[in-house]
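Working notes, structure below.
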Amino acid sequence: MNTKRIVSDSGLVALVALLAACHGKPETSADIRPVRTAIVGTGQYGDKFAYTGEIRARHESDLGFQVAGKLVARAAEVGASVTAGAVLAQLDPADEKVAVNSAQSAVSAAQAELARATSEEASYRDLLERGLTTRTAYIEQQTATKTAQSRLQQATADLDLRRRQLNYTTLRADRAGVITRVSADVGAVLAQGQAVVTLAQPSELDVVFDVADTQVDTVRNANAVAAALLSARDKPLAAYVREVSPSADPITRTYRVKCTLPGRPPGWYLGLNAIVTLEAGQAAQGIRIPPTALYEKDRKSAVWIVKDDQTIELRPIVVARYDTESIEVSSGLRSGERIVTAGVHKLLAGQKVRLLAPDSGK
């Protein structure tokens with residue numbers, strides 16, 4: 001009996017000692033997760049608007065035929081550099097050639113008629129001088145000669161028109177540039193004036209982007225913006241707001257903005273994407289955070305808040321707008337709070353974290 005009690009008491013003591021040891025075990029570094037953080041309302045997300053734009057030529061023109069017809073050849077391809085007068089496309093000229101031949105025949109007939117009328121007028125003049133005909137008959141012959149002259153002028157003008165229409169079946173570049181778009185393929189039957197290619201002049205470049213209605217006034221009032229290639233964000237250039245669309249796009253409800261670049265910077269080519277940033281100024285805006293800080297689950301948005309004791313809590317937020325490089329939060333955050341900006345889906349509520357130094361990987 002005593003032996004059993006001693007064994008039981010010994011097991012109880014061992015269990016208590018084990019629990020005490022577990023309870024008093026200090027936290028290891030593996031339990032503390034290193035995280036990247038940012039203080040909201042400061043830095044690059046605090047006072048700037050950012051947009052993604054496309055580099056386009058300031059001067060672009062859609063080129064098409066001045067006559068209708070079937071497209072039988074197209075030498076122009078997207079990206080091709082062309083010189084002034086270069087042949088871009090060709091319509092079937094058969095109908096226009098027939099029209100030219102018909103007009104040429106009409107001119108020949110009019111010339112023959114004028115020659116006959118002129119000869120008869122000379123004969124009647126001689127007869128009138130000898131008193132062998134009346135002045136009335138002579139005047140009628142003069143009128144016939146003038147009529148023949150008018151018909152010849154009309155036939156000549158029609159021949160000139162037919163020849164120009166024959167020339168219109170060949171589409172040529174009116175100036176040097178780059179083909180940025182092709183709108184018709186061989187075999188298509190085109191209407192008069194229908195666009196075939198778009199010709200851009202890359203000597204002057206624009207950055208084109210769209211802005212929301214809440215920001216359009218800020219863009220209109222901005223004298224200059226900073227534009228940088230996506231591949232070289234650390235090398236921004238000063239661009240000037242040249243044009244802001246007076247009306248919103250009927251589908252996207254955004255406003256088109258065009259900013260002119262200084263000259264033609266090296267490495268800036270048509271079609272590349274660029275980041276455009278400008279000061280937010282006094283525009284109404286919420287707190288801006290990086291996209292990597294957003295935690296989404298069941299279509300609800302939240303962020304991890306780092307508290308003073310280095311633990312984290314998940315706080316719901318309301319997203320007002322998604323921009324190119326940031327997210328605007330209308331409620332749920334206060335300026336000056338610290339949030340986690342990376343690996344948000346690998347954290348747990350109440351977990352202790354260690355703040356990484358800026359640009360540190362450890």
Requested in this report: Could I have the simple spin-label model distance between Ala238 and Ala224, label points 7 Å from Cα toward Cβ, reported in nm to one decimal?
Outcome: 0.2 nm
Query raised in the report: Within the chain, which DSSP H helices have Cα atoms that stretch 20 Å or more along the helix axis and a mean Kyte-Doolittle hydropathy of at least 0.0?
Result: 2-23
Requested in this report: For a label point 7 Å from the Cα of Gln153 along Cα→C-beta, name the residues of region 84-111 whose backbone N is under 15 Å from it.
Outcome: 111
Report summary line: Between the modelled labels at Ser231 and Glu313 (7 Å from Cα along Cα→Cβ) the distance in nm is 4.8 nm
**Report entry** Those aspartates and glutamates that a straight Cα-Cα span of less than 14 Å connects to Lys146, excepting residues fewer than 8 apart in one chain
**Finding:** Glu113, Glu120, Glu121
Report summary line: For the chain, whose charge dipole is built from +1 on Lys and Arg Cβ atoms and -1 on Asp and Glu Cβ atoms, the candidate among Phe49, Thr311, Ile339 with its Cα farthest towards the positive end is Thr311
Requested in this report: Mark the label point 7 Å from the Cα of Val78 along Cα→Cβ and return the residues of region 163-195 whose backbone N is within less than 14 Å of it.
Outcome: 179-185
Query raised in the report: What is the magnitude of the charge dipole of the chain about its Cα centre, with +1 placed on the Cβ of each Lys and Arg, -1 on the Cβ of each Asp and Glu, and no other charges, expressed in debye to the nearest 20?
Result: 1180 debye
**Report entry** Accessible area of Thr252 in the full protein assembly, 1.4 Å probe (Å², nearest 10)
**Finding:** 80 Å²
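The values are calculated or read from the model by the stated rules, or taken from the named source; none is laboratory data. Nothing here was measured: the structure is a model prediction, and the numbers come from that model. For neighbour counting, all protein chains shown are included, and Cβ atoms are generated from backbone atoms with ideal geometry for every residue, glycine included. Accessible surface areas use protein heavy atoms only, side chains included; no ligands, DNA or RNA. Shrake-Rupley method; radii C 1.70, N 1.55, O 1.52, S 1.80 Å.
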